[in-house]
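Let me begin by presenting the structure, written as structure tokens, before commenting on it.
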Amino acid sequence: MAEEGASGFQIHPMDQFIVKPLFGGDHIAWYTVTNVTLWMGIAVVAIAALLMLGTRRRAIVPSRSQSVAELLYGFIHNMVEEVTGHDGVKYFPYVMTLFLFILFSNLLGLLPMSFTTTSHVAVTVVLAMMVFLGVTILGFVKNGIGFLGMFWVTSAPLAIRPILAVIEVISYFVRPVSHSIRLAGNLMAGHAVIKVIAGFATLAVASPVVIGAVTAIYALELLVACVQAYVFTILTCVYLRDAVGGAHH
Amino acid sequence: MEGDIAEMGKFIGAGLATMGLGGAGIGVGHIAGNFLAGALRNPSAAPGQMANLFVGIAFAEALGIFSFLIALLLMFAV
């Protein structure tokens, strides 16, 4: 590797995830405007633009942007109603916000030279912890102390219920970890793979193969971006069902 | 060659940790394969089970992602 480095064969797949301040300096405080801030802002503006411009005319025969906005709305509304039941529909705005933010961050991150905010665990942990804390508080508010009955599996034989309770408690507290790492890990791994394959293009012989491979992986990443947003949202609905439906189901 | 033996152990450990992702591959393939087998027998019931399919895949995949996390921790955090 060391002797090849001189000929320009260098791959830095993780450089795309470096957080940089936009306006000079190296110090990053909590108020520093970085590329993460920029791309989160672009995602929020894009979502607002799509929904506000799409629903401005409210025509009977929808325009293209109106159909996209209506399709997204209907898709998430159906999912919330199907998974959490009728009582869960009032949490639809939160679920819709989560879905649109993650979807737009994932898709904007696929633009060349852009920054994928959802590839950072710091971003996804905040999203997952909001869901976790929200669901826990909501569960205790709705069901009182009966929410703890979720860990006491009454359908199992009495002898193994304590063991099951321990496993259920552990799995409950692992939820925010897997919820956030899944999103960040998938996005980070996919983008790193694109960069590693693109790095092979410096060998002139391999470049036609590399162009095909990068195109194929890019198409896969488009699918992954949508599927991961969907998975994050549907898991939010599954967790909400525990809190809204209570332990009795 | 440079670096010390702790550095070498880090790289070997990270490489070994990625083998856990093979298990996630087996799990995801098992779920998707069984879904397809069931869907071909009863195609009319398949669309209603898409949500369950994705939730199942997500849970199976999460455990593989944990080993990827260990690899990343070994490479960049240890």
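The one condition from (1) within 23 Å of A:Phe92 (Cα to Cα); (2) within 14 Å of chain B (Cβ to nearest Cβ) that A:Asn143 does not meet is (2).
Among the numbered conditions (1) at pLDDT 90 or above; (2) within 30 Å of A:Pro93 (Cα to Cα); (3) surrounded by fewer than 13 Cβ atoms within 10 Å (Cβ to Cβ); (4) more than 14 Å from chain B (Cβ to nearest Cβ), the only one that A:Thr215 does not meet is (2). Number of residues in the range A:136-163 that are among the aliphatic types (A, V, I, L, M) and either more than 24 Å from A:Thr84 (Cβ to Cβ) or touching a strand residue (DSSP E or B) at 6+ places or on another chain (Cβ under 9 Å) (or both): the value is 5. Picking from residues in the range B:45-73 that are of a type in the set (S, T, N, Q) and either facing chain A (nearest Cβ under 10 Å) or crowded, with 17+ Cβ neighbours inside 10 Å (or both), the one that is farthest from B:Ala14 (Cα to Cα) is B:Asn52. What about A:Ala216, is it among the small types (Gly, Ala, Ser) and either more than 20 Å from B:Leu53 (Cα to Cα) or free of Cβ contacts under 8 Å to residues at least 60 places away in the same chain (or both)? Against the criterion (among the small types (Gly, Ala, Ser) and either more than 20 Å from B:Leu53 (Cα to Cα) or free of Cβ contacts under 8 Å to residues at least 60 places away in the same chain (or both)), A:Ala216 qualifies.
Within the range B:5-17, the presence of at least one residue that is more than 24 Å from A:Phe232 (Cβ to Cβ), within 14 Å of chain A (Cβ to nearest Cβ) and surrounded by fewer than 16 Cβ atoms within 10 Å (Cβ to Cβ) is confirmed.
For the condition at pLDDT below 90, under 21 Å from A:Met79 (Cα atoms) and assigned to a helix (DSSP H, G or I), B:Gly48 qualifies.
The values are calculated or read from the model by the stated rules, or taken from the named source; none is laboratory data. Just so it is clear, the model here is predicted, and its values are computed rather than measured. Note that we place each Cβ from the backbone using ideal geometry, even for glycine, and neighbour counts take in every protein chain shown.
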